[in-house]
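The values are calculated or read from the model by the stated rules, or taken from the named source; none is laboratory data. Being a predicted model, the structure only gives us computed values, none of them experimental. A quick note on method: Cβ atoms are made from the backbone with ideal geometry, for glycine too, and the neighbour counts reach across all protein chains shown. To get the accessible areas, we keep the full protein, side chains included, count just its heavy atoms, and leave off ligands, DNA and RNA. Shrake-Rupley method; radii C 1.70, N 1.55, O 1.52, S 1.80 Å.
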Amino acid sequence: MKVAVIGAGVMGGAIADGVLQTGQTNLIVSNPSPEKLSRFAAVGAQTTTNNREAVAESDFIVLAVKPDSA
């Protein structure tokens, strides 16, 4: 199962870290800021700045964005 985390801030980043700690490697993290994505790319997660791409490729989606960003 492929998991997408939309948002790589504090909450989304913590969720993505937790998913990676379980050994799950089928993860895509999406965020508009490439700087926030670099640490996930460094450990082998797929990253993108395109939320639609992340959602289209995933079976399970976690929305971790501020309400005014949605």
Surrounding charge for ALA16, neighbours by C-beta under 14 angstrom, Lys/Arg +1, Asp/Glu -1, total +2
What is the Cα radius of gyration of the chain over 2.2 N^0.38 Å, N being its residue count? 0.96
Using a Gaussian network model of the chain whose springs link C-alpha atoms within less than 10 Å, name the residue from SER58, SER30, SER38 with the highest mean-square fluctuation. SER38
Counting sequence-distant residues (5 or more places) and residues on other chains, those with an amide H built under 5 Å from that of ALA8 are none
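Using a 1.4 angstrom probe, figure out how much accessible area the range 8-66 has per residue, in square angstrom, rounded to the nearest whole. Kindly include the intermediate steps, with their values, before the conclusion.
Details: 3650 Å² over 59 residues.
On a per-residue basis, the range 8-66 sits at 62 Å².
Out of the total accessible area of the range 23-70 (probe 1.4 Å, heavy atoms of protein only), what percent is carbon and sulfur? List each step's numbers first, then the result.
Numbers: 1690 of 3260 Å².
Carbon-and-sulfur percentage of accessible area, whole number: 52.
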In debye, nearest 20: dipole of the chain around its Cα centre with unit charges on the Cβ of K, R (+) and D, E (-)? 60 debye
Go ahead and set up a Gaussian network model of the chain, Cα springs under 10 Å, then flag whichever of GLY13, GLY44, GLY23 fluctuates most. GLY23
For GLU35 and LYS66, extending 7 Å from Cα along the Cα-Cβ vector and measuring point to point gives, in nm, a value of 1.5 nm
Beta bridge orientation in the chain: antiparallel %, DSSP, nearest 5: 0 percent
Ignoring ligands and nucleic acids, LEU37 exposes an accessible area, probe 1.4 Å, in Å² to the nearest 10, of 10 Å²
